[in-house]
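K.L.:
One structure is given below, represented as structure tokens, and several questions about it will come after.
Each value in this text was obtained by applying a stated rule to the coordinates, not by laboratory testing. Everything quoted here is computed from the prediction, not taken from an experiment. As a convention, Cβ positions derive from the backbone with ideal geometry for all residues, glycine included, and neighbour counts pool all protein chains shown.
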Amino acid sequence: MKQITDTILMVRPAQFRLNEETAVNNFYQDRQAQKEIENVEANARAQEEFDAFAKALQNKGIEVIIVNDDDKDDTPDSIFPNNWLSTHENGTAVLYPMFAENRRLERRPEILDALEEKGFQIKNVMDYTSAEDEGVFLEGTGSLLLDRANEKAYCSISPRADEQLLIEFCEDFEYTPIIFTAYQTVDGKRLPIYHTNVMMALGEEYAVICLDSIDDAKERKSVLKSLKQDSKQVIAITEAQVGSFAGNMMQLKTQSGGKLLVMSDQAYQSLTPDQIKKLERFNEILHPDIKTIETLGGGSVRCMMAEVFLPRAK
């Protein structure tokens, strides 16, 4: 199976702002900044950042399918579609259970229709969303870091990533679960990082990971062992770099066959020259400035891109 794709889905926001429902356990959202930026202005800035980012991807040869959000429902986080949707080479689209009630409104059938209109085949929809009734969540490729080529799912357990549901996903897709808990320090306490893709990213030949955030030595060892088994070069980042979204990157392939690593400008500026050099061995780096989206949304470029792996209709 392919690990990287040349096609992504992005949702252009209509009412972006700091989402109070997600801020309870996403400690990267800045409430102070929200007070200083009116919601109308926050959305206008987010749209500007979104448009510049999407254009930069297209200029590099990535196919970007853009769906516009509407203001029918309260969906401040619609810009992060990878949390409720993943697509797979066998034609399956997966819908995931979301922690925040207002985020559940992001799952719009017209988004799947848009993929089909662009010539992709959805043969089957796997729907885990009934788990919300039990208060159980697994937030897409935010929670699941999929090594598609080696059929493994790395997952940091948190209020938004349930271990039993992860195991059910792995049984359904025949993936091996690699389970651990990653932490961050908040007001002097070690609390779980809300999404795996904040502290870890997987390219074809490498893994970017904050090993310091995995407090349990056994778990850390097991994650490292799994990566080394698959001949991934491990590029370690620090907890401070995680705070600048350096773990939230994604490798894509361009339509001319090259490789592109996408991270935010904030993430790029936090890296050392040595880390940049290691990454540039494998791919070119694109680093758009999405400061408003990061500051209020508490997510970065990886969260804005839902990879499209569906087969094209003949």
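K.L.:
Looking only at residues in the range 129-146 that are farther than 10 Å from Tyr96 by Cβ and crowded, with 21+ Cβ neighbours inside 10 Å, which one is farthest from the chain's Cα centre (by Cα)? Talk me through it step by step, then tell me what you get.
P.N.:
Of all residues in the range 129-146, those farther than 10 Å from Tyr96 by Cβ come to 130, 133-136, 145-146.
Within this subset, residues satisfying the condition of being crowded, with 21+ Cβ neighbours inside 10 Å are 145-146.
Numbers: Leu145: 8, Leu146: 11 Å.
Only one residue fits best here, namely Leu146.
K.L.:
Can you list the helices (runs of 4 or more DSSP H) found entirely within the range 210-314 that contain at least 3 residues being in contact (Cβ under 8 Å) with a residue 40 or more places away in the chain and surrounded by 20 or more Cβ atoms within 10 Å (Cβ to Cβ)? Lay out the reasoning, then the answer.
P.N.:
Working: elements: 217-229, 239-243, 265-270, 273-280, 291-297, 301-304.
Because the criterion is at least 3 residues that are in contact (Cβ under 8 Å) with a residue 40 or more places away in the chain and surrounded by 20 or more Cβ atoms within 10 Å (Cβ to Cβ), the helices (runs of 4 or more DSSP H) in the range 210-314 that meet it are 291-297, 301-304.
K.L.:
Of the residues Ile122, Ile111, which single one is assigned to a helix (DSSP H, G or I) and not small (Gly, Ala, Ser)?
P.N.:
Values: Ile122 fails: assigned to a helix (DSSP H, G or I).
Going through Ile122, Ile111 in turn, the sole match is Ile111.
K.L.:
Out of all the residues in the range 241-260, is one or more under 24 Å from Gly188 (Cα atoms) and of a type in the set (Val, Ile, Thr)?
P.N.:
First, the residues of the range 241-260 that are under 24 Å from Gly188 (Cα atoms): 241-248.
Pick out the ones that are also of a type in the set (Val, Ile, Thr) and you get 242.
Scanning the range 241-260 turns up at least one residue that is under 24 Å from Gly188 (Cα atoms) and of a type in the set (Val, Ile, Thr).
K.L.:
Further question on the same structure: Restricting to the range 145-162, name every residue that is polar (S, T, N, Q) and within 24 Å of Leu252 (Cβ to Cβ). Give the steps one after another, and end with the answer.
P.N.:
First, pick out the residues of the range 145-162 that are polar (S, T, N, Q): 150, 156, 158.
Passing the criteria: Asn150, Ser156.
K.L.:
Oh, and also: Would you check which residues across the range 152-173 are free of Cβ contacts under 8 Å to residues at least 40 places away in the same chain and either closer than 21 Å to Ala306 by Cα or under 18 Å from the mean Cα position of the chain (by Cα) (or both) and list them?
P.N.:
Within the range 152-173, the subset free of Cβ contacts under 8 Å to residues at least 40 places away in the same chain is 153, 157, 161-164, 166-167, 170-171.
If the condition is that a residue be free of Cβ contacts under 8 Å to residues at least 40 places away in the same chain and either closer than 21 Å to Ala306 by Cα or under 18 Å from the mean Cα position of the chain (by Cα) (or both), then Ala153, Ile157, Ala161, Asp162, Leu166, Cys170 are the ones that fit.
K.L.:
Those residues that are of a type in the set (Val, Ile, Thr), free of Cβ contacts under 8 Å to residues at least 60 places away in the same chain and buried (at least 20 other Cβ atoms within 10 Å of the Cβ), I need them from the range 182-198; list them, please. Show your work before the answer.
P.N.:
Step one: of the range 182-198, the residues of a type in the set (Val, Ile, Thr) are 185-186, 193, 196, 198.
Then drop every residue that is not free of Cβ contacts under 8 Å to residues at least 60 places away in the same chain, which leaves 185, 193, 196.
Residues satisfying the conditions are Ile193, Thr196.
K.L.:
Would you point out which residue out of Ala207, Ala149 is assigned to a strand (DSSP E or B), in contact (Cβ under 8 Å) with a residue 12 or more places away in the chain, within 24 Å of Leu279 (Cβ to Cβ) and under 20 Å from the mean Cα position of the chain (by Cα)? Show your work before the answer.
P.N.:
Values: Ala149 fails: assigned to a strand (DSSP E or B).
Answer to the check: Ala207.
K.L.:
Among the residues of the range 115-137, is any out of contact with any His (no Cβ under 7 Å at 6 or more places or on another chain), farther than 15 Å from Val308 by Cβ, in contact (Cβ under 8 Å) with a residue 40 or more places away in the chain and small (Gly, Ala, Ser)?
P.N.:
Looking through the range 115-137, none of the residues is out of contact with any His (no Cβ under 7 Å at 6 or more places or on another chain), farther than 15 Å from Val308 by Cβ, in contact (Cβ under 8 Å) with a residue 40 or more places away in the chain and small (Gly, Ala, Ser).
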